[in-house]
Amino acid sequence: MTAVPMIELWRGGMLESVHSGHAVVFGPGGVEMAWGDPETVIFPRSSCKMLQALPLIESGAAEAAGLTERQLALSCASHSGAALHTLAVESWLASLGMAEPDLRCGSHMPQDRDENKRLTCSDTAPCQLHNNCSGKHAGFLTLNRHLGGGSEYVELDHPVQRAVKAAFEEVTEETSAGHGIDGCSAPNFACTVTGLARAMQFFAAANPDGDTRQSAAARLTRAMATFPEMVAGEGRACTNLMRAMGGKVAVKTGAEAVFVAILPEQKRGIALKILDGGTRASEAAITALLIKLGALDAAHPVVEKLLPSVQRNWRGFVTGDMRLAPGFG
């Protein structure tokens with residue numbers, strides 16, 4: 001099977017653009033709904049950060065370091081580089097006796113408007129704390145200190161990444177088809193869309209009082225849903241969606257239009273991939289699926305923002321609309 005149309009853009013009564021993709025809703029009994037080819041192999045990119053954070057808790061490293069739920073949310077984050085994010089990572093590293101140079105994620109300008117403006121106007125270069133993955137890397141460093149590994153914790157054969165790969169394969173229930181290097185220099189292991197949705201269902205059904213892995217998954221889900229501002233940032237889709245659902249669902253985006261959701265009350269997981277890598281489409285598609293499953297109120301203002309029924313130009317004129325493709329959502 002090939003990718004199927006999911007999101008359409010219309011202008012002047014004509015179909016202007018179509019975003020196609022693959023999506024899976026995985027429930028307690030297995031795949032409940034699917035679009036496109038569920039067995040398509042993808043890079044989950046940052047959508048799988050909660051999987052990468054599992055060894056942080058399972059190993060005992062999080063407990064030994066006294067990590068809070070706010071820090072655990074940050075370990076799953078693709079944050080905006082706002083002051084609350086950079087200061088939190090800096091403080092976390094200091095508690096380990098470490099600092100920004102110990103990170104291996106690289107630096108880029110922050111997405112947060114205020115911090116971006118501050119750096120630009122002061123002619124100050126961003127540092128690795130601004131990297132959207134610095135929280136994940138603080139988690140890697142915490143795990144690494146516990147394991148006693150070398151400083152290059154992003155290398156494929158490093159104990160940190162071996163632990164991540166083992167957890168990833170066990171929870172997706174797949175042998176990874178390979179890996180790529182992510183924007184933050186860490187390995188990103190490939191899986192099918194079904195495998196990613198299965199992993200999200202594991203998190204959704206995880207028992208907080210269960211075994212080590214179950215309790216770790218439940219704790220990460222709770223942390224993300226409780227501190228959505230740490231997972232992304234103000235104005236971001238992940239933060240806005242989690243707030244709109246009252247902390248009952250955890251969602252996470254990934255580069256190249258991957259999006260996942262963890263629905264504990266329904267014990268369901270969602271994974272989707274938009275083929276052309278268009279973020280606007282992945283945000284619209286996950287919004288549609290959350291509405292379909294009854295997790296998100298269709299009347300909530302966040303829906304019109306991410307799945308706009310009306311599109312306007314810079315003068316406020318109605319120019320078109322965004323629609324779900326027939327057969328999707």
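The values are calculated or read from the model by the stated rules, or taken from the named source; none is laboratory data. Here the structure is a predicted model, which is why all the values come from computation and not from measurement. Backbone-built Cβ (ideal geometry, glycine too); neighbour counts: all protein chains shown. Quick note on the areas: whole protein, heavy atoms, side chains included, nothing else; ligands and nucleic acids left out. Shrake-Rupley method; radii C 1.70, N 1.55, O 1.52, S 1.80 Å.
Summary of computed values
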read-out: Whichever residue in segment 9-33 is hydrophobic (A, V, I, L, M, F, W, C) and either within 14 Å of Pro326 (Cα to Cα) or at pLDDT below 95 (or both) and, among such residues, is least open to solvent (accessible area, probe 1.4 Å); value: Leu9
read-out: Given (1) assigned to a helix (DSSP H, G or I); (2) in contact with a Cys (Cβ under 9 Å, 6 or more places away or on another chain), index of the condition Ser78 fails; value: (1)
read-out: Test: residue in segment 57-64 that is open to solvent by less than 10 Å² (accessible area, probe 1.4 Å), in contact with a helix residue (DSSP H, G or I) (Cβ under 9 Å, 6 or more places away or on another chain) and outside any helix (DSSP H, G or I); value: no
read-out: Evaluation of Leu93 against (1) within 21 Å of the chain's Cα centre (by Cα); (2) in a helix (DSSP H, G or I); (3) surrounded by fewer than 24 Cβ atoms within 10 Å (Cβ to Cβ) (one fails), failing number; value: (1)
read-out: Residue satisfying condition, being of a type in the set (A, V, I, L, M, F, W, C) and either part of a loop (DSSP other than H, G, I, E, B) or over 21 Å from Met200 (Cα atoms) (or both), within set Ala166, Ala177; value: Ala177
read-out: Failed item, numbered, when Gly149 is tested on (1) under 19 Å from Leu54 (Cβ atoms); (2) out of contact with any His (no Cβ under 7 Å at 6 or more places or on another chain); (3) surrounded by fewer than 23 Cβ atoms within 10 Å (Cβ to Cβ); (4) not charged (D, E, K, R); value: (2)
read-out: Filter result for Thr253 (assigned to a strand (DSSP E or B) and at pLDDT 95 or above); value: yes
read-out: Residue in segment 233-254 that is over 30 Å from Thr86 (Cβ atoms) and in contact (Cβ under 8 Å) with a residue 12 or more places away in the chain present; value: no
read-out: Candidates Ala281, Ala298, Ala271, filtered to the one that is touching a residue at least 60 places away in the same chain (Cβ under 8 Å) and touching a helix residue (DSSP H, G or I) at 6+ places or on another chain (Cβ under 7 Å); value: Ala271
read-out: Among residues of segment 190-246, those that are in a helix (DSSP H, G or I), polar (S, T, N, Q) and open to solvent by 40 Å² or more (accessible area, probe 1.4 Å), counted; value: 3
read-out: Residue within segment 79-90 that is out of contact with any strand residue (DSSP E or B) (no Cβ under 8 Å at 6 or more places or on another chain), at positive phi, among the acidic types (Asp, Glu) and open to solvent by 70 Å² or more (accessible area, probe 1.4 Å) present; value: no
